[in-house]
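*Asks:* Provided herewith is a single structure, encoded as structure tokens, for subsequent inquiry.
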Amino acid sequence: MAFYIVSEDITQMEVDAVVNAANSSLAGGGGVDGAIHRAAGPELDKACAEFGGCPTGDAVITWGFQMDAIYIIHTVGPIWNGGGNGEEGLLRSCYRKSMELAETHGCRSVAFPLISGGVYGYPKEAAVDIAVEELTAAGAKNERRDIYLTLTDREAFGIAKNKYAQYLEETGA
Ligand code: AR6
């Protein structure tokens, strides 16, 4: 399986698809969403507007426009609200729906940010655990696909490295 944890700016990744941590209006915003919209240029705003929004836990796909990536997959993570409001299921769904779109569009390489791990306030360790679990499971299904988890946050990067080392030890992968 090809799963990589990297500390790069996701907008600079040379991959078939970059995943965006969007909001339900798909109108752009701060964080990784703002960075992706700036890198892709104004055509991305128009393409996103055509969807008329996206529910939490779901994903849509657009071209990458001025980015190196061919596609941008926009997924809407849950806003952390104590954990008893379906947050975990919705966050797992973001990773799964994004991977489904990557597969149906023939993407061989996909880069993810830590969805809900910024302003949406998901506790960092839990957000990282879910990302590593979902992406290693997706990677195990298709040996030839490269999946990247990009973590610009040093703390999250360290947590993810430990979690992945634990996964490798448990599975003998
Ligand atoms: N490359 C990789 N990761 C990044 C980058 C980057 N260029 N920039 C930030 N991160 P956030 P959310 C990391 O807040 O919590 C937006 O306004 C960041 O360190 O971008 O899902 C949307 O419009 C953090 O670990 O996304 C929504 O309203 C992670 O990306 C809302 O924020 C996610 O942080 C979504 O919030």
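*Asks:* Please verify whether E43 is without any contact (Cβ under 8 Å) to a residue 40 or more places away in the chain and farther than 30 Å from L168 by Cα, treating the condition exactly as stated.
*Replies:* When the stated conditions are applied, E43 passes them.
*Asks:* So which helices (runs of 4 or more DSSP H) stay within segment 69-173 end to end and still have 1 or more residues that are open to solvent by less than 20 Å² (accessible area, probe 1.4 Å), over 22 Å from T11 (Cα atoms) and within 12 Å of the ligand (Cβ to nearest atom)?
*Replies:* Per the criteria, 87-104.
*Asks:* Looking at T75, T62, which is the one that is in contact with a Lys or Arg (Cβ under 9 Å, 6 or more places away or on another chain), within 14 Å of N20 (Cβ to Cβ) and at pLDDT 95 or above?
*Replies:* Details: T62 fails: in contact with a Lys or Arg (Cβ under 9 Å, 6 or more places away or on another chain).
Sole residue among the options that is in contact with a Lys or Arg (Cβ under 9 Å, 6 or more places away or on another chain), within 14 Å of N20 (Cβ to Cβ) and at pLDDT 95 or above: T75.
*Asks:* What are the pairs with Cβ atoms under 7 angstrom where one residue, in segment 120-142, is of a type in the set (D, E) and the other, located anywhere, is open to solvent by less than 50 Å² (accessible area, probe 1.4 Å)? Sequence gap at least six, or different chains.
*Replies:* Pairs found: E125/I159; D129/K163; E134/R92; E134/Y95.
*Asks:* Shifting gears a bit: Looking only at segment 33-51, filter to residues that are open to solvent by 70 Å² or more (accessible area, probe 1.4 Å) and not in a helix (DSSP H, G or I); which one of those is farthest from the ligand (Cβ to nearest atom)?
*Replies:* Among them, the one singled out is E50.
*Asks:* From the set of residues in segment 1-16 that are outside any strand (DSSP E or B) and surrounded by fewer than 18 Cβ atoms within 10 Å (Cβ to Cβ), which is farthest from the ligand (Cβ to nearest atom)?
*Replies:* Across segment 1-16, the extreme among qualifying residues is E14.
*Asks:* Now for a different question. Would you please name the residue that is farthest from the ligand (Cβ to nearest atom), looking only at residues in segment 22-32 that are in contact (Cβ under 8 Å) with a residue 24 or more places away in the chain and under 16 Å from W63 (Cα atoms)?
*Replies:* L26
*Asks:* Does V19 fit the bill of being touching a residue at least 24 places away in the same chain (Cβ under 8 Å), more than 12 Å from the ligand (Cβ to nearest atom), under 15 Å from the mean Cα position of the chain (by Cα) and in a strand (DSSP E or B)?
*Replies:* no
The values are calculated or read from the model by the stated rules, or taken from the named source; none is laboratory data. Everything quoted here is computed from the prediction, not taken from an experiment. Don't worry about glycine lacking a Cβ; one is built from the backbone with ideal geometry, like all the others, and counts go over all protein chains shown. With ligands, DNA and RNA removed, areas are computed over all heavy atoms of the protein, side chains included. Shrake-Rupley method; radii C 1.70, N 1.55, O 1.52, S 1.80 Å.
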